[in-house]
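Step one of this worksheet: look at the structure below.
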Amino acid sequence: ETVLDGTAVFAKTIHLFTGAALGTTVCQIIAYDAAQGSLSIRDQLSSRPVQFHVTSKTIITGAGVGPGALVQVSFVGGKGPALVREILVLAAPGSVFTFTGRITFLDFASHELVLANASDDNRYEIQFNPATIEADAKEHLQEGASVTIAARFNGQRYVAESVTVLPHSME
């Protein structure tokens, strides 16, 4: 509400919206009980599990909502556990993903590499078995090499099922 004082307008009453804010987090599911409407997640910001409430109105996109799944959760805060509006499954245990990009870190002793994925500019830590890499490709597997990797997400990490060094990396 406003009042006019000569030519100046002043606020007489101001109404503030106090509705809960919408938040989003990318996290890993620790536990999910659809019947009880409970979701427990681990995210990068909290040292302890975070509890959420899931209802029949919660939108779930993708398959594999369960322990170990990597998800994006949109929620509304309030008293008690935050109310989940949407769950987007990014990776469920057992899912296979294809990554293409450059190796930015490689450790043959620990069987780990880090790949800068070309399609989303993210870096992925991938476990590999040197025995599954073809002999001619193994000599070209090095930091900076361009590769395509088919990897299975096991709920804890990505594990390479095949590693192909792209031809322009072998020159």
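The values are calculated or read from the model by the stated rules, or taken from the named source; none is laboratory data. In this text the structure is predicted, and so the values were computed from the model without any measurement. Cβ atoms come from the backbone with ideal geometry, glycine included; neighbour counts cover every protein chain shown. Ligands, DNA and RNA are excluded from the accessible area calculation, which covers all protein heavy atoms including side chains. Shrake-Rupley method; radii C 1.70, N 1.55, O 1.52, S 1.80 Å.
Return the residue satisfying two criteria in turn: it lies in region 78-110 and is closer than 20 Å to residue 49 by Cβ and of a type in the set (Gly, Ala, Ser), and of such residues it is modelled with the lowest pLDDT. If we take residues in region 78-110 being closer than 20 Å to residue 49 by Cβ and of a type in the set (Gly, Ala, Ser), then 78 is modelled with the lowest pLDDT.
Scanning region 47-64 for residues that are more than 15 Å from residue 83 (Cβ to Cβ) and either under 15 Å from the mean Cα position of the chain (by Cα) or outside any loop (DSSP other than H, G, I, E, B) (or both) turns up 61, 62, 63, 64. From the list 86, 112, the lone residue that is acidic (Asp, Glu), touching a Phe, Trp or Tyr at 6+ places or on another chain (Cβ under 8 Å) and open to solvent by 10 Å² or more (accessible area, probe 1.4 Å) is 112.
For region 54-80, filtering for residues that are surrounded by 14 or more Cβ atoms within 10 Å (Cβ to Cβ) and small (Gly, Ala, Ser) leaves 6. Here the condition is being modelled with pLDDT under 90, of a type in the set (Phe, Trp, Tyr) and not in a loop (DSSP other than H, G, I, E, B); of 10, 75, it holds for 10 alone. The sole residue among 119, 95 that is surrounded by 16 or more Cβ atoms within 10 Å (Cβ to Cβ) and among the hydroxyl-bearing types (Ser, Thr, Tyr) is 95. Exactly one residue out of 127, 44, 36, 51 is within 30 Å of residue 164 (Cβ to Cβ), open to solvent by 20 Å² or more (accessible area, probe 1.4 Å) and free of Cβ contacts under 8 Å to residues at least 60 places away in the same chain: that is 127. Applying the criterion of being open to solvent by 40 Å² or more (accessible area, probe 1.4 Å) and either touching a Pro at 6+ places or on another chain (Cβ under 9 Å) or hydrophobic (A, V, I, L, M, F, W, C) (or both) to the residues of region 98-109, the residue that is nearest to residue 166 (Cα to Cα) is 105.
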